[in-house]
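First comes the structure, then the notes that go with it.
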Amino acid sequence: MNLLFASANEHKLGEYRELLSPSGIRVHSAQRFKPQATIESGETFTENAIIKATTLGEHSKKPTFADDSGLVIPLFPHVAGVHSSRYAISNGGFPKVFSVMHAELGSDVVPAFFECVIAYHDSSSNVTRTFCGRVDGHVTFPARGKDGFGYDAIFIPLGYAETFAELGATIKRLISHRARACSIFSDYMKALGA
């Protein structure tokens, strides 16, 4: 089964290729379809994932999936959340955003979770489905580790003592929010006969 991935993020593209290949799903970049820029106007990860998947799916007429994900800090809903990427960019990008967050949160350890929603869209059958994965833990400062991207260097998953950036790609692919959403998504695709 061939699927287009509605993202220009090379880190995510690589992760999805590795996560979905055992299920026989080949993930392709959407760049050759030159889709129009998608405005992520949703108020939730689910809404944004659907916007991206359906926009590219209708444009390409190919089975498409997209994700929206981010770091959620329930005690500080204005920090990161559904606007995780924009929050980082508006505060100087990575790693500069970490010092801004630390000052705003006022603590070295704050409960948090990563959430990922995958939206799948098939324009030929007009089907859209979503699949959610979540990993609980906490943010910690200062940032630690080099093997990761985004907020990985400040997030410690529940049951571990290291950040995602310290744990490395192998462990992250087993326990991350993206891995958990992918597991449910893969089961769905298998049921379709992918």
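Beta carbons closer than 9 Å, at least 6 apart along the sequence or on distinct chains, pair a first residue in the stretch 4-18 that is over 16 Å from residue 183 (Cα atoms) and touching a residue at least 60 places away in the same chain (Cβ under 8 Å) with a second that is open to solvent by 100 Å² or more (accessible area, probe 1.4 Å) and assigned to a helix (DSSP H, G or I) for 5/17. Of the strands (runs of 3 or more DSSP E) lying entirely inside the stretch 82-194, those containing at least 1 residues that are closer than 30 Å to residue 56 by Cα, among the β-branched types (Val, Ile, Thr) and touching a Cys at 6+ places or on another chain (Cβ under 6 Å) span 109-122. Close Cβ contacts (under 8 Å, 6 or more residues apart or on different chains) running from residues in the stretch 130-141 that are modelled with pLDDT of 95 or more to residues that are of a type in the set (Asp, Glu) and surrounded by 21 or more Cβ atoms within 10 Å (Cβ to Cβ) comprise 132/115; 133/115; 134/115. Is it the case that the stretch 53-68 has a residue that's part of a strand (DSSP E or B), of a type in the set (Gly, Ala, Ser) and open to solvent by less than 80 Å² (accessible area, probe 1.4 Å)? Checked the stretch 53-68: at least one residue is part of a strand (DSSP E or B), of a type in the set (Gly, Ala, Ser) and open to solvent by less than 80 Å² (accessible area, probe 1.4 Å). Among the residues of the stretch 82-112, those that are under 25 Å from residue 19 (Cβ atoms) and either crowded, with 19+ Cβ neighbours inside 10 Å or more than 17 Å from the chain's Cα centre (by Cα) (or both) comprise 82, 84, 88, 112. Of all residues in the stretch 168-182, those that are surrounded by 21 or more Cβ atoms within 10 Å (Cβ to Cβ) have Cβ atoms under 9 Å from Cβ atoms of residues that are among the polar types (S, T, N, Q) and in a helix (DSSP H, G or I), 6 or more apart or on another chain, in 182/23. Assessment of the stretch 7-16 against the conditions (assigned to a helix (DSSP H, G or I) and within 23 Å of residue 127 (Cα to Cα)) yields at least one matching residue. Residues in the stretch 89-126 that are of a type in the set (Val, Ile, Thr) and either more than 21 Å from residue 44 (Cα to Cα) or out of contact with any helix residue (DSSP H, G or I) (no Cβ under 9 Å at 6 or more places or on another chain) (or both): 4 in all. For the stretch 69-81, the set of residues classified as in contact (Cβ under 8 Å) with a residue 12 or more places away in the chain and either surrounded by 12 or more Cβ atoms within 10 Å (Cβ to Cβ) or in a helix (DSSP H, G or I) (or both) consists of 69, 70, 71, 72, 73, 76, 79, 80, listed by residue number.
Restricting the stretch 145-161 to residues that are at pLDDT 95 or above and of a type in the set (A, V, I, L, M, F, W, C) leaves a set whose member that is most open to solvent (accessible area, probe 1.4 Å) is 158.
The values are calculated or read from the model by the stated rules, or taken from the named source; none is laboratory data. Predicted model only: the values in this text are computed from it and were never measured. Heads up, the Cβs are rebuilt from the backbone with ideal geometry, glycines too, and the neighbour counts pull from every protein chain shown. Side chains are part of the model used for accessible areas, which takes the heavy atoms of the whole protein and leaves out ligands, DNA and RNA. Shrake-Rupley method; radii C 1.70, N 1.55, O 1.52, S 1.80 Å.
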